[in-house]
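Notes for the one structure printed next.
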Amino acid sequence: MKNVGIMGGTFDPIHLGHLVVANEVLNIYNLEKIIFVPAGNPPHKTRMGANSAERYMMANLATMSNDRFTVSDFEITKDSKCYSVDTLREFRKLYPETEFYFITGTDAVIELPNWHEPEELMKLCKFIAVSRPGTQNLEQRIQEVAEKLNGHIEILKIPMLQISSTDIRERIKNGMSAKYMLPESVERYIYKNNLYR
Ligand code: ATP
Ligand code: MG
């Protein structure tokens with residue numbers, strides 16, 4: 001049996017918070033690898049973000065130097081909305097001898113009841129919720145979510161980084177530096193392609 005981590009998100013852009021989380025879980029749970037899965041473009045949202053090809057490219061730039069990090073284009077290449085539950089169903093089919101660990105921040109995990117088919121999703125993988133600044137002391141609420149969905153969520157305390165994609169997009173838009181919050185290659189890609197201006 002192999003153990004593989006899944007890190008879903010919009011990654012608009014990917015930053016050091018994401019990378020530190022992935023690496024901590026990889027080490028602590030002794031995972032084979034982490035698959036970053038950038039979400040497709042939400043059809044309803046109109047926003048100032050990067051498109052899915054750009055977000056996929058940045059995720060690749062950020063993870064290139066790590067043998068245990070990979071990026072999947074599964075969700076971004078779908079024409080229709082692809083939910084985490086669809087992705088996990090497909091991954092389970094493709095890799096039958098694998099146990100999947102879905103990694104989220106504490107902010108994302110308390111939203112689980114609003115995801116598509118959350119109970120089904122929780123049967124397909126284990127959930128690990130890592131601490132994120134601003135959302136501490138959520139143990140009780142996370143337990144409630146797990147009970148409501150008949151699933152199990154493990155809470156993992158890790159060194160916290162107060163970095164978010166929203167903050168990085170704001171900085172770039174306002175001509176402020178986001179240096180050291182994201183890999184240099186990703187930062188350069190953002191400026192070269194005039195993203196978030
Ligand atoms: P945005 O501000 O656009 O929502 P984000 O920084 O929250 O971006 P996402 O792509 O939404 O990044 O997050 C993907 C996953 O990574 C989520 O589960 C989120 O909780 C987690 N995550 C993001 N940043 C951090 C961080 N600094 N510490 C811990 N978890 C994080
Ligand atoms: Mg977010």
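Structure values in brief
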read-out	value
Subset of the stretch 133-151 (residues that are under 19 Å from the mean Cα position of the chain (by Cα) and open to solvent by 70 Å² or more (accessible area, probe 1.4 Å))	134, 136
Hits in the stretch 15-45 - residues which are surrounded by fewer than 16 Cβ atoms within 10 Å (Cβ to Cβ) and either under 10 Å from the mean Cα position of the chain (by Cα) or modelled with pLDDT under 95 (or both)	42, 43, 44, 45
Neighbours by Cβ (under 9 Å, 6+ apart or cross-chain): first from the stretch 1-14, at pLDDT below 95; second more than 7 Å from ligand 1 (Cβ to nearest atom)	1/97; 1/98; 1/99
Some residue of the stretch 171-183 being away from ligand 2 (no atom under 16 Å from the Cβ) and under 19 Å from residue 35 (Cα atoms)	yes
Residue check for residue 110: open to solvent by 20 Å² or more (accessible area, probe 1.4 Å), within 14 Å of ligand 2 (Cβ to nearest atom) and under 16 Å from residue 8 (Cβ atoms)	yes
Single unsatisfied condition, residue 188 versus (1) of a type outside the set (S, T, N, Q); (2) under 20 Å from residue 4 (Cα atoms); (3) away from ligand 1 (no atom under 12 Å from the Cβ); (4) part of a helix (DSSP H, G or I)	(2)
Search result, residues across the stretch 76-107 that are more than 30 Å from residue 139 (Cβ to Cβ) and either within 16 Å of ligand 2 (Cβ to nearest atom) or of a type in the set (Val, Ile, Thr) (or both)	76, 77
Scope the stretch 155-170; condition in contact (Cβ under 8 Å) with a residue 24 or more places away in the chain and either touching a His at 6+ places or on another chain (Cβ under 9 Å) or within 16 Å of ligand 2 (Cβ to nearest atom) (or both); matching residues	160, 161, 162, 163, 164, 165, 168, 169
The listed residue being over 18 Å from residue 130 (Cα atoms), open to solvent by less than 20 Å² (accessible area, probe 1.4 Å) and more than 15 Å from ligand 2 (Cβ to nearest atom), out of 53, 62	62
Filtered residue count, the stretch 156-177, keeping only those that are within 12 Å of ligand 1 (Cβ to nearest atom) and either more than 21 Å from residue 9 (Cα to Cα) or not in a helix (DSSP H, G or I) (or both)	9
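The values are calculated or read from the model by the stated rules, or taken from the named source; none is laboratory data. Everything numeric here is computed off the predicted structure, so don't read it as measured data. Glycine also receives a Cβ, built like all others from the backbone with ideal geometry; neighbour counts cover every protein chain displayed. Note: accessible area is taken over every heavy atom of the protein model, side chains too, but ligands, DNA and RNA are not part of it. Shrake-Rupley method; radii C 1.70, N 1.55, O 1.52, S 1.80 Å.
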